[in-house]
């Protein structure tokens, strides 16, 4: 779909439909195609598009297993792939907007899987409301993070605002600011969700990308700022060699003076082992800055991203890739990064030679680049609909990385608790949210009265000024979710703030969720005036009349 959209946009060098026709004519024998021919056509299309548009999306990844599927097992799959390719050619994707793949992402998982992951599609009305209340309008020079981005619903809505505000600015400048300036960033632990979010992100900036290429034929977006990672892992506090006992792709690290030694556990089965352990050495941000090779974290991430591109795309040398971004500093920077490049190339050779699998490089890249984005970068806006999962439901090999890392977690806590804590504070530094930054979270209302929310209720007001809380109580505003969602809007404040905040409580209703949103956006059935005292906790006073409620809460519609 993304390749066809690029073709529809008149993207220079992209000829998706004509090249499919050429492949059909080339491979057909007596006007007939074999099943494997459809796989060949898809593989050619991906390869050609990766050379022109968003190489980080189209290059092989763990989801491209069908490239190697034996014919005997894949006949039906290849025919379905052919039907999909031909169906996509019938649509015009010239006008793309919003979260294109959110519904597909939800349909991909059955209800039990979504419940286990704690992931539920966030309605567009709720997203727009949160962005409005946080005051995000795509302000130049400010950053937004969604640390549990799913298919990218918040990212897509934020991107639309950013692009609208960018107006007549140069498309090249806009895209460089977005991607290498790290203005709208997403994290998610689910690799399929990350892929969907990247495609959504790419589709929305396609028109600008086409314009930028028209102005500068050599311009390329190196990668999109959406990363696969466990947002709750604090890698720098993990002991060296503390790997998982089972599960998926994982990473731990130890810090030398100038080097991060990243231990990556790949899900490759060996004799008596579930994982293959690999060590990747990466220069530290502070070391590179002290040497005068880079000026800030954005340049550090951009330099490392070019190292990975040089590994996966032999058409360009690392020197060439660095020159386009760093100019005169490129030569010294290339010398500094050369050992990292060599080590990564050896890693790929080993994976391909010993295990016949070199598709993990994209995942390794995410895990390496995102460490600094999680622990060293702050954001003016942090918005999220984090997973609704009790800790006892999390597999041991995942939660072992969180144990002892968070102060607000106790009893059978829900995952949104450490997400909130990570947004506000980290063990030895501030969290993701910058001073004066705005937070908008969808979370369970249970923190207001359950035991596991006691520390959250105590500590959150010490760092945030809570501006708004909407408690949806037992209304099912998220289809299929067995929870009681609330919306929390707050601002980072060094001393917290006692006093009152706007609050609304929405009672049970048989109405359609969209009707509930509309009702909340203009008036409320009942409201609470909530007070926060740093010494006494959270207290409530009900307002009995609709008139009083409307005066208390007038939400932007």
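Here, each number is a calculation from the coordinates, and none is a lab measurement. Note that the structure is predicted; figures quoted are calculated from it, not measured. Backbone-built Cβ (ideal geometry, glycine too); neighbour counts: all protein chains shown.
Given R0 = 45 Å, the distance between the Cβ atoms of residue 279 and residue 77 translates into a calculated FRET efficiency of 0.80. At 0.890 mPa s and 25 °C, plugging the Kirkwood radius over alpha-carbon pairs of segment 120-174 into Stokes-Einstein gives what diffusion coefficient in µm²/s? Answer from the Stokes-Einstein relation: 204 µm²/s. Compared with the direct C-alpha span, the chain from residue 462 to residue 403 gains 18.9 nm at full extension, assuming 0.36 nm per residue.
When 188, 177, 376, 7 are sorted by how many other C-beta atoms sit within 10 angstrom of their C-beta, beginning with the fewest, the order is 376, 177, 7, 188.
Estimated at 0.36 nm per residue, the fully extended path between residue 296 and residue 26 surpasses their Cα-Cα distance by 92.2 nm. For the pair residue 44 and residue 411, the difference between a 0.36 nm per residue extended length and the Cα-Cα distance amounts to 126.8 nm. Spin-label model, residue 435 to residue 352: label points 7 Å out along the Cα-to-beta-carbon direction sit 5.0 nm apart. Convex hull volume of the Cα atoms of segment 1-95, normalised per residue: 97 Å³.
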